[in-house]
């Protein structure tokens, strides 16, 4: 097999052009075999097999920098750059990352995981290369979805101004362009980048400039004619206006065409955008027909497409979506907003039931927040559902446009805490720390799925800026109340009473705390458990009371310890002159947590029931 001979881009370059389609077929089969066993991002990676091969065949990584936006389409890149033998460990505990990672390979030019960053990073590298006097390329590969992010356009704007040697590959797997126009414009692009055309163009420009009286006018006319031809035949007018030369659209699965164009542009200078059309899930019929279903997958059977049996218990995500629909059935003022994640946030049901009240703003979290603020300012009750890790991108909008104006926007943060296999770029473990200090913002987290439903109603009808965090995965199967009610803001609940120690837990750590208290009881310790419910405002009466009773407090959170829930409790005790109360905080240490199952990672950082038990015994000794 050809693939077994490829351990680096230099090995790839030894192949003949006519061998590349065979290699692409082997890579595609390898991806299907591996991802069906381990899970991962399938559809996007099946779509970029030929593109990845062509890039490494024509450019010189790592001297030439290839930057993959988001990175969930970079599996072939990893396989071609010496990680084929370890690829079965991708996204696994102690294995390689599912995303490009600088410390993993010299060919991973930039670490990614969030979208719309590649052009900015690539432009920085292009500027660095220019300052160092090097002759190298920066190639940013960005999808049409990521291009909706405002940061991408900020970078395009500066790149067109700086005129550095930056190549942007637009991987377009959504836009519909007729085959005839696409084929003809691809032909034009190949010819316009060829050496013969470029040399002829330079000679004609030099000749026309020396023709007295009419030469300059003829040159201007020729340039306008060329631009008009390209603008008429291609959808590149926007990029041309931003200062880029535009080529495409090209068939992203035609290796001969890709290699010809990439070898031509190797010699071009200045900012260049190459528009490549690909098919998500290419080569696997089920993924081509339902690309959304096969974007991110668990282990599945290739022949049938069926994955493991679905959990009996409902996920927090599904219950959030169902509860929001229940509330919206009774209230036409409730609006749902997502940033390109209707399925991932559980809003697909809402979008079907209330399409006129559902808004998918694309990969634009900043816009989502301010858009929601605008709706709230005119009397609506918007709920913005975004993964915790992506709320980080909209911090200023939460502060300036929501909290400062005291607008009633509900920020529903899915995937709060440790999310598992996607690793450090996706763990939602900082939101408590960066939100709790904002004046006027309520920060809360439910102990289980039933409490989530009541908290959602509380948030929607509070008339205040509210943040609600909840974890990835299923709930506990607790009985769901028939009637939703609003909780008293800032009131926790005491679940167990104790004399030796009180554990104050928040969100997903409450049930492990109860389990630990039960084990400790069997060992002769009297341990109480408080479900804080609210990080801000804290239930001062309850927390101060148990602190005075036991003199020893342990806080538990699935968030960074710095500035987190435990820090808030320490501040409360200090403000109430309880500095003598002994406090032990459990949470995430001051380093990034790698990928692995949620259970394994919680065990590693000591916030599962066993870890809490061990820490409590040491603390009480």
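The values are calculated or read from the model by the stated rules, or taken from the named source; none is laboratory data. Keep in mind the model is a prediction, meaning the values are calculated, not measured. Because the Cβ atoms are built from the backbone with ideal geometry, glycine has one as well, and the counts that use them run over all protein chains shown.
Checked against (1) farther than 22 Å from residue 492 by Cβ; (2) surrounded by fewer than 22 Cβ atoms within 10 Å (Cβ to Cβ), residue 601 passes all but condition (2).
Looking for something crowded, with 19+ Cβ neighbours inside 10 Å and in contact (Cβ under 8 Å) with a residue 60 or more places away in the chain - is there at least one such residue anywhere in the stretch 370-382? Yes; the residues of the stretch 370-382 include at least one that is crowded, with 19+ Cβ neighbours inside 10 Å and in contact (Cβ under 8 Å) with a residue 60 or more places away in the chain. Looking across the stretch 80-135 at every residue that is in contact with a strand residue (DSSP E or B) (Cβ under 7 Å, 6 or more places away or on another chain) and part of a loop (DSSP other than H, G, I, E, B), the one that is farthest from residue 296 (Cα to Cα) is identified as 109.
Looking only at residues in the stretch 565-593 that are farther than 29 Å from residue 549 by Cβ and touching a strand residue (DSSP E or B) at 6+ places or on another chain (Cβ under 9 Å), the one that is surrounded by the fewest Cβ atoms within 10 Å (Cβ to Cβ) is 590.
Being in contact with a helix residue (DSSP H, G or I) (Cβ under 7 Å, 6 or more places away or on another chain) and more than 23 Å from residue 298 (Cβ to Cβ) is a property that residue 38 lacks. Taken across the stretch 528-538, residues that are over 34 Å from the mean Cα position of the chain (by Cα), buried (at least 16 other Cβ atoms within 10 Å of the Cβ) and either assigned to a loop (DSSP other than H, G, I, E, B) or modelled with pLDDT of 95 or more (or both) do occur, with at least one present. Residues that are part of a loop (DSSP other than H, G, I, E, B), surrounded by 14 or more Cβ atoms within 10 Å (Cβ to Cβ) and either in contact (Cβ under 8 Å) with a residue 60 or more places away in the chain or at negative phi (or both) within the stretch 303-320 comprise 313, 314, listed in sequence order. Evaluated against (1) out of contact with any helix residue (DSSP H, G or I) (no Cβ under 6 Å at 6 or more places or on another chain); (2) surrounded by fewer than 19 Cβ atoms within 10 Å (Cβ to Cβ); (3) in a helix (DSSP H, G or I), residue 328 falls short on exactly one condition, (2). There is at least one residue in the stretch 321-332 that is over 19 Å from residue 453 (Cβ atoms) and assigned by TED's automatic domain parsing to the domain that holds residue 463.
Only residues that are in contact (Cβ under 8 Å) with a residue 12 or more places away in the chain and either over 21 Å from the mean Cα position of the chain (by Cα) or surrounded by fewer than 19 Cβ atoms within 10 Å (Cβ to Cβ) (or both): list them for the stretch 345-357, please. Result: 348, 349, 350, 351, 353, 354, 357. Condition check: in contact (Cβ under 8 Å) with a residue 24 or more places away in the chain, surrounded by 15 or more Cβ atoms within 10 Å (Cβ to Cβ), over 27 Å from residue 38 (Cα atoms) and not assigned by TED's automatic domain parsing to the domain that holds residue 104. Does residue 596 satisfy that? In short, no.
Condition check ((1) closer than 11 Å to residue 529 by Cα; (2) in the same structural domain as residue 412 (by TED's automatic domain parsing); (3) in contact with a helix residue (DSSP H, G or I) (Cβ under 7 Å, 6 or more places away or on another chain)) across all residues:
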residue	(1), (2), (3)
485	no, no, yes
488	no, no, no
504	yes, no, yes
511	yes, no, no
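Just for the stretch 394-406: of the residues that are in contact with a helix residue (DSSP H, G or I) (Cβ under 7 Å, 6 or more places away or on another chain) and crowded, with 20+ Cβ neighbours inside 10 Å, which one is nearest to residue 605 (Cα to Cα)? Residue satisfying both the conditions and the ranking: 394. I'm trying to understand the selection: among the residues of the stretch 488-514, which are more than 19 Å from residue 585 (Cβ to Cβ) and over 32 Å from the mean Cα position of the chain (by Cα)? Within the stretch 488-514, 488, 491, 493, 494, 495, 496, 497, 499 qualify.
If only one of 98, 145, 71 is surrounded by 24 or more Cβ atoms within 10 Å (Cβ to Cβ), on the phi < 0 side of the Ramachandran plot and at pLDDT below 95, which one is it?
On the way: 145 fails: surrounded by 24 or more Cβ atoms within 10 Å (Cβ to Cβ); 71 fails: on the phi < 0 side of the Ramachandran plot.
Going through 98, 145, 71 in turn, just one is surrounded by 24 or more Cβ atoms within 10 Å (Cβ to Cβ), on the phi < 0 side of the Ramachandran plot and at pLDDT below 95: 98.
From the list 114, 107, which residue is in contact (Cβ under 8 Å) with a residue 12 or more places away in the chain, surrounded by fewer than 24 Cβ atoms within 10 Å (Cβ to Cβ), assigned by TED's automatic domain parsing to the domain that holds residue 244 and more than 26 Å from residue 253 (Cβ to Cβ)? If you could, list the steps in order and put the result at the bottom.
On the way: 107 fails: more than 26 Å from residue 253 (Cβ to Cβ).
Selected residue: 114, the only one of 114, 107 that is in contact (Cβ under 8 Å) with a residue 12 or more places away in the chain, surrounded by fewer than 24 Cβ atoms within 10 Å (Cβ to Cβ), assigned by TED's automatic domain parsing to the domain that holds residue 244 and more than 26 Å from residue 253 (Cβ to Cβ).
State whether the residues of the stretch 479-500 include one that is in contact with a strand residue (DSSP E or B) (Cβ under 7 Å, 6 or more places away or on another chain), farther than 15 Å from residue 317 by Cα and surrounded by fewer than 16 Cβ atoms within 10 Å (Cβ to Cβ). Yes. Would you say residue 432 is touching a residue at least 60 places away in the same chain (Cβ under 8 Å) and farther than 23 Å from residue 341 by Cβ? Spelling it out, it is not the case that residue 432 is touching a residue at least 60 places away in the same chain (Cβ under 8 Å) and farther than 23 Å from residue 341 by Cβ.
Only residues that are in a loop (DSSP other than H, G, I, E, B) and either in contact with a helix residue (DSSP H, G or I) (Cβ under 7 Å, 6 or more places away or on another chain) or in contact (Cβ under 8 Å) with a residue 60 or more places away in the chain (or both) were counted in the stretch 265-291, giving 14. Within the stretch 559-574, the set of residues being more than 19 Å from residue 468 (Cβ to Cβ) and assigned to a helix (DSSP H, G or I) comprises 566, 567, 569, 570, 571, 572, 573, 574. Would you confirm, using the coordinates I've provided, whether residue 546 is modelled with pLDDT of 95 or more, surrounded by 22 or more Cβ atoms within 10 Å (Cβ to Cβ) and more than 23 Å from residue 417 (Cβ to Cβ)? Judged against the criteria, residue 546 is a match.
Results for (1) in contact with a helix residue (DSSP H, G or I) (Cβ under 6 Å, 6 or more places away or on another chain); (2) surrounded by fewer than 24 Cβ atoms within 10 Å (Cβ to Cβ); (3) over 20 Å from residue 382 (Cβ atoms), shown as yes or no for each residue.
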residue: 423; (1), (2), (3): no, yes, yes
residue: 426; (1), (2), (3): yes, yes, yes
residue: 431; (1), (2), (3): yes, no, no
residue: 444; (1), (2), (3): yes, no, no
residue: 450; (1), (2), (3): no, yes, yes
residue: 456; (1), (2), (3): yes, no, no
residue: 462; (1), (2), (3): no, yes, no
residue: 465; (1), (2), (3): yes, no, no
residue: 474; (1), (2), (3): no, yes, yes
